[in-house]
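The values are calculated or read from the model by the stated rules, or taken from the named source; none is laboratory data. This is a predicted model, so every value here is computed, not measured. Cβ placement follows ideal geometry from the backbone for every residue including glycine, while neighbour counts extend to all protein chains displayed.
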Amino acid sequence: MWQVLSGLFLGWSLGSNDASNVFGTAVASRMVRFWTAAVLCSAFVILGAMLEGDAGMETYAQLLDNKSSPNLAFAVGLAAAITVTGMSYLALPVSTSQAVVGAMVLVGVMESTLDTGSLTKVVLCWVGTPIGAAGCTVVFYFVLGKLMNRANLTMFTYDRYIRWGLIAAGSYGAYALGANNVANVTGPFVGEGMLTVTQACALGSVSIALGVLTYSRKVMMTVGRDLVQLDAFTALVAILAEAVTVHVYAIIGVPVSTSQAIVGAVLGVGLIKGVRTIQVKTLAKILFGWIGTPAISAGITWLCYVALGAAGML
């Protein structure tokens, strides 16, 4: 059971990175305090994982045709955790799903157990995530904007509604994060028969919550401030679009990147306001993180694979 420790490390690193995806825009726009966001995010991550986290577990269990050793599950978790922690240190919002799948693909190739059908399904959903989030942003921007204009609110009432809207949308986003991404943390261990689905959802969600509470502030600012300057209303639209997108994939049972969803949503705001509002340098850094994440994770997994083989632990 000691192998599960790498999954808990991965959960912590996921929380430190992906909390930015549900509350980063609200915190950076100063409509919600960091600690309010962190506590709400932690609570709703656990709730989402416990209520709807099982579907993604099944997808990861299918990704490898046959059971490999528990030590390889440890290697997958460790490689993904190191990769995501490194990206968090660089303040880059990256895909934990890509880190985990990159590691699992390496194991599948080395062990000749890769299910290419399941892999294709996951990759196609990765491509659809930012596109879907950007589309949701456009719809929500005009629909909510029209409703707010018709309400003819005073400035004080408007700010109050937006603040509560950000809290509600962020909490929903955290719920979707837990439901969709807990499989990234402990899914490989369910596939190995080391944990039940309930145990995996509980342990994974608590480790994510700890990451949110201890090391998430830095990445929040990259998403919420440095990519596109957001006001309170566009922050609300972006969070809502991200939450809906990720929750849809949670229902389908495919763990996707909340980072890709929120960046797609924020870029949707940038396209509405004009391409010049997009910080190209920050976008390039984020894209580098997306491309490099599965490759780096696979590379670290290969090193672990070689080390385990040399130690006779495969």
State whether one or more residues within the stretch 148-160 are at pLDDT 90 or above and under 24 Å from the mean Cα position of the chain (by Cα).
-> no
Whichever residue in the stretch 161-190 is within 17 Å of LEU5 (Cβ to Cβ) and not β-branched (Val, Ile, Thr) and, among such residues, is farthest from the chain's Cα centre (by Cα) | PHE189
Scan the stretch 160-173 for residues that are over 19 Å from ILE252 (Cβ atoms) and crowded, with 24+ Cβ neighbours inside 10 Å and jot them down.
-> LEU166, ALA169, GLY170
Within the stretch 228-247, is there a residue that is assigned to a loop (DSSP other than H, G, I, E, B) and either within 13 Å of the chain's Cα centre (by Cα) or at pLDDT 90 or above (or both)?
-> no
Condition check for ALA38: in a helix (DSSP H, G or I), closer than 18 Å to ALA200 by Cβ and not β-branched (Val, Ile, Thr) = no
Residues located in the stretch 90-118, provided they are assigned to a helix (DSSP H, G or I) and either without any contact (Cβ under 8 Å) to a residue 40 or more places away in the chain or more than 18 Å from the chain's Cα centre (by Cα) (or both) = VAL105, LEU106, VAL107, GLY108, VAL109, MET110, GLU111, THR116, GLY117, SER118
Can we say GLY270 is within 17 Å of the chain's Cα centre (by Cα) and either over 23 Å from LEU106 (Cα atoms) or modelled with pLDDT of 90 or more (or both)?
-> no
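Here's the yes/no breakdown for (1) buried (at least 22 other Cβ atoms within 10 Å of the Cβ); (2) in contact (Cβ under 8 Å) with a residue 60 or more places away in the chain:
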position	(1), (2)
PHE23	yes, yes
TRP35	no, no
VAL39	no, yes
ALA43	no, yes
ASP54	no, yes
MET57	yes, yes
PRO70	no, yes
ALA73	yes, yes
Since LYS218 meets every condition but one in (1) surrounded by fewer than 24 Cβ atoms within 10 Å (Cβ to Cβ); (2) under 20 Å from the mean Cα position of the chain (by Cα); (3) within 28 Å of GLU52 (Cα to Cα); (4) not β-branched (Val, Ile, Thr), which condition does it not meet?
-> (3)
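Restricting to the stretch 140-154, give me the number of residues that are part of a helix (DSSP H, G or I), surrounded by 14 or more Cβ atoms within 10 Å (Cβ to Cβ) and hydrophobic (A, V, I, L, M, F, W, C).
Within the stretch 140-154, the subset part of a helix (DSSP H, G or I) is 140-151.
Imposing the further condition that a residue be surrounded by 14 or more Cβ atoms within 10 Å (Cβ to Cβ) reduces the set to 140-141, 144-145, 148.
Of the ones still in play, those that are also hydrophobic (A, V, I, L, M, F, W, C) are 140, 144, 148.
Counting residues in the stretch 140-154 that are part of a helix (DSSP H, G or I), surrounded by 14 or more Cβ atoms within 10 Å (Cβ to Cβ) and hydrophobic (A, V, I, L, M, F, W, C) gives 3.
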So LEU287 clears everything in (1) within 16 Å of the chain's Cα centre (by Cα); (2) without any contact (Cβ under 8 Å) to a residue 24 or more places away in the chain; (3) not in a helix (DSSP H, G or I) except one condition, right? Which one?
-> (3)
Is it the case that the stretch 280-293 has a residue that's more than 25 Å from ALA103 (Cα to Cα) and among the aromatic types (Phe, Trp, Tyr)?
-> no
Write out, first by first residue and then by second, each pair whose Cβ atoms fall under 7 Å of each other, whose residues are 6+ apart or on separate chains, and whose first residue, in the stretch 4-21, is farther than 13 Å from TYR215 by Cα while the second is among the hydroxyl-bearing types (Ser, Thr, Tyr) and part of a helix (DSSP H, G or I).
-> GLY7/THR186; LEU8/SER207; ASN21/THR258; ASN21/SER259
Residue that is modelled with pLDDT of 95 or more and within 21 Å of GLN98 (Cα to Cα), where the choices are ALA202, ALA133 | ALA133
Select from the stretch 1-33 the residues that are at pLDDT 90 or above and in a helix (DSSP H, G or I) and list them in ascending order.
-> VAL4, LEU5, SER6, GLY7, LEU8, PHE9, LEU10, GLY11, TRP12, SER13, LEU14, GLY15
